[in-house]
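Visitor: First the structure, which I've put down as structure tokens, then a few questions once you've had a look.
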Amino acid sequence: MSFHEASNPKCSATSGAIELRITPRERDLGEFSVRRVLPARDRRMVGPFIFFDHMGPAEFPPGKGIAVRPHPHIGLATITYLFEGEIIHRDSLGFVQAIQSGAVNLMTAGRGIVHSERAGDDLQATSRLHGIQSWMALPTDQEEIEPAFLHYAAADLPQIDADGTSVRLIMGEAFGHVSPVQLYSPTLYFDCQMRAASSLRLPENYEEMAAYVVSGRVRIERQHYDSGVLAVACAGKSVVLEAEEDSHVMVIGGDAIGTRHIWWNFVSSSKKRIEEAKADWQNGRFDAVPGETEFIPLPDS
């Protein structure tokens with residue numbers, strides 16, 4: 001497994017609104033599959049977002065469910081957001097938190113944290129899981145902060161409804177509202193449901209922006225974007241989403257934070273720091289998750 005450096009190209013002055021169209025890679029995680037949107041070959045980051053996975057939709061038979069064993073992180077904050085289903089989060093700080101549709105789990109790794117993600121206790125019935133798992137790289141001066149965990153209920157997030165669109169503001173500031181979810185750098189993240197023939201102009205006060213079509217079909221400057229496509233905007237360009245049918249879109253963005261290295265679950269501005277984290281996990285120097293006995297071993301380099 002090699003290092004990847006996360007840095008981004010720039011649009012020219014004559015470019016249109018969209019710099020790049022990204023089609024995710026399918027990744028089989030055993031019990032279910034994900035579509036990995038970021039990092040991509042041609043674009044590693046959008047604002048602080050360095051990792052963006054579309055999970056599912058997956059259906060589990062009775063007795064089955066998501067089972068991600070304990071694993072470590074450094075230098076980032078993870079944000080879990082579900083459309084359907086439930087995940088039980090457990091971490092090395094001792095937090096145990098169920099997350100359901102519309103709520104937010106924000107886990108800050110900083111200098112290091114370990115967590116697991118598993119199905120709920122009730123596995124007697126058929127269950128579904130569908131949502132987004134994303135990571136945000138921390139600013140250089142905050143990469144080694146103390147780890148932390150915060151949960152926000154769905155009712156805590158601003159809901160903006162107008163002209164055929166419904167926006168749940170997950171992070172940042174947009175459309176005259178501010179999300180309560182903690183930020184480490186200027187960041188925008190929202191969930192948008194659009195009725196057919198509706199339109200939405202994206203905020204223009206962030207350096208980088210992208211729209212991921214979860215379902216449906218949208219048009220931007222006469223170009224069509226179907227489900228499973230990320231449209232990355234050119235900096236400084238005005239972007240208007242036009243729904244050609246009922247559509248579900250996730251918008252991510254924020255200010256650029258510089259080049260980052262990513263290896264497995266570790267993100268850092270320093271390759272040396274990642275090597276240290278690899279050795280720490282290999283030699284049992286991360287704190288354990290209370291009640292967990294399994295773990296994911298360090299991958300082969």
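Since every read-out is calculated from the coordinates, none of them should be taken as a lab result. Since this is a predicted model, take the numbers as computed values, not measurements. Glycine gets a Cβ as well: all are built from the backbone with ideal geometry, and neighbour counts include every protein chain shown.
Visitor: Arrange Ile18, Ile257 by Cβ neighbour counts within 10 Å, fewest through most, would you? Intermediate results must be reported in sequence, preceding the final value.
Guide: Values: Ile18 19, Ile257 24.
Result, fewest neighbours first: Ile18, Ile257.
Visitor: Taking springs between alpha-carbon atoms closer than 10 angstrom, which of Asp255, Asp226, Asp163 fluctuates most in the Gaussian network model of the chain?
Guide: Answer for the Gaussian network model of the chain: Asp163.
Visitor: Let me ask another. Tell me the angle of helix 271-282 to the major Cα principal axis of the chain, expressed in degrees between 0 and 90 and rounded to the nearest ten.
Guide: Value to nearest ten degrees: 50.
Visitor: Related question: Taking the simple approach of a point 7 Å from Cα along Cα-to-Cβ for both Arg111 and Asp226, what is their distance in nm?
Guide: Reported label-point gap for Arg111 and Asp226 is 5.0 nm.
Visitor: Could you tell me the extents of the range 81-161's C-alpha atoms along the three principal axes, largest first, rounded to whole Å?
Guide: Sorted largest first, the three principal extents are 45, 35, 17 Å.
Visitor: Most mobile of Gly253, Gly131, Gly56 per a Gaussian network model of the chain (Cα springs, under 10 Å)?
Guide: Gly56
Visitor: Which whole-angstrom value gives the distance between the alpha carbon centres of the range 42-93 and the range 244-301?
Guide: 11
Visitor: May I ask you to evaluate 6.51 cos²θ - 1.76 cosθ + 1.60, the Karplus curve with θ = phi - 60°, for each residue of the range 131-148 and list the ³J(HN,Hα) values in order in whole Hz, giving x for glycine and proline?
Guide: x, 10, 10, 9, 10, 10, 5, 7, x, 3, 7, 10, 4, 10, 5, 5, x, 7
Visitor: Between Ala211, Ala17, Ala197, which gets the highest mean-square fluctuation from a Gaussian network model of the chain, Cα cutoff 10 Å?
Guide: Result for the chain, Cα springs under 10 Å: Ala197 fluctuates most.
Visitor: Please give, to one decimal in nm, the separation of the simple spin-label points placed at Arg219 and Ser185, each 7 Å out from Cα toward the Cβ.
Guide: For the pair Arg219/Ser185, the computed spacing is 3.6 nm.
Visitor: With runs of 4+ DSSP H residues as the only contributors, calculate the mean residue ellipticity of the chain at 222 nm using -39,500 (n - 2.57) per run, divided by the residue total and rounded to the nearest 500.
Guide: Numbers: 1 runs with 12 residues, N = 301.
Helix-only estimate at 222 nm: -1000 deg cm²/dmol.
Visitor: Starting with the fewest neighbours, write out Thr80, Thr23 ranked by other beta-carbon atoms found within 10 Å of each beta-carbon. Can you show the working numbers first?
Guide: On the way: Thr80 20, Thr23 11.
If I rank by nearby Cβ atoms, fewest first, I get Thr23, Thr80.
Visitor: While we're here: Each residue of the range 49-60 in turn: what ³J(HN,Hα) in whole Hz from Karplus with 6.51, -1.76, 1.60 and θ = phi - 60°, glycine and Pro shown as x?
Guide: Each residue's phi maps through the Karplus curve to give 6, 10, 8, 8, 10, 9, 8, x, x, 10, 10, 10 Hz.
Visitor: In nanometres, what is the gap between the two model label sites at Thr126 and Ala197, each 7 Å from Cα along Cα-to-Cβ?
Guide: In this crude label model, Thr126 to Ala197 measures out at 3.6 nm.
Visitor: Would you kindly derive the ³J(HN,Hα) couplings of the range 213-228 from the backbone phi angles with the Karplus curve 6.51 cos²θ - 1.76 cosθ + 1.60 (θ = phi - 60°), listing them in order in whole Hz, with x for Gly and Pro?
Guide: These are the phi-based 3J(HN,Hα) values: 8, 6, 8, x, 7, 10, 10, 9, 6, 6, 9, 9, 10, 8, 4, x Hz.
Visitor: If you take all C-alpha pairs in the chain, what percent of them are over 31 Å apart?
Guide: Numbers: 11787 of 45150 pairs.
Distances greater than 31 Å cover 26 percent of the Cα pairs.
Visitor: Shifting gears a bit: Please list, or write none, the aspartates and glutamates whose alpha carbon is within less than 17 Å of the alpha carbon of Lys237, excluding same-chain residues fewer than 8 places away.
Guide: In chain and number order, the partners are Glu19, Glu204, Glu207, Glu208, Glu221, Asp255.
Visitor: P(r) tail for the range 17-112, what percent of Cα pairs lie past 21 Å? Mind showing how you got there, number by number?
Guide: Values: 1943 of 4560 pairs.
Distances greater than 21 Å cover 43 percent of the Cα pairs.
Visitor: Related question: Suppose R0 equals 51 Å. What FRET efficiency, 1/(1 + (r/R0)^6) with r the Cβ-Cβ distance, do Arg285 and Glu59 give to the nearest 0.05? Don't skip to the end; give the middle numbers.
Guide: On the way: r = 39 Å, r/R0 = 0.76.
Efficiency for this residue pair is about 0.85.
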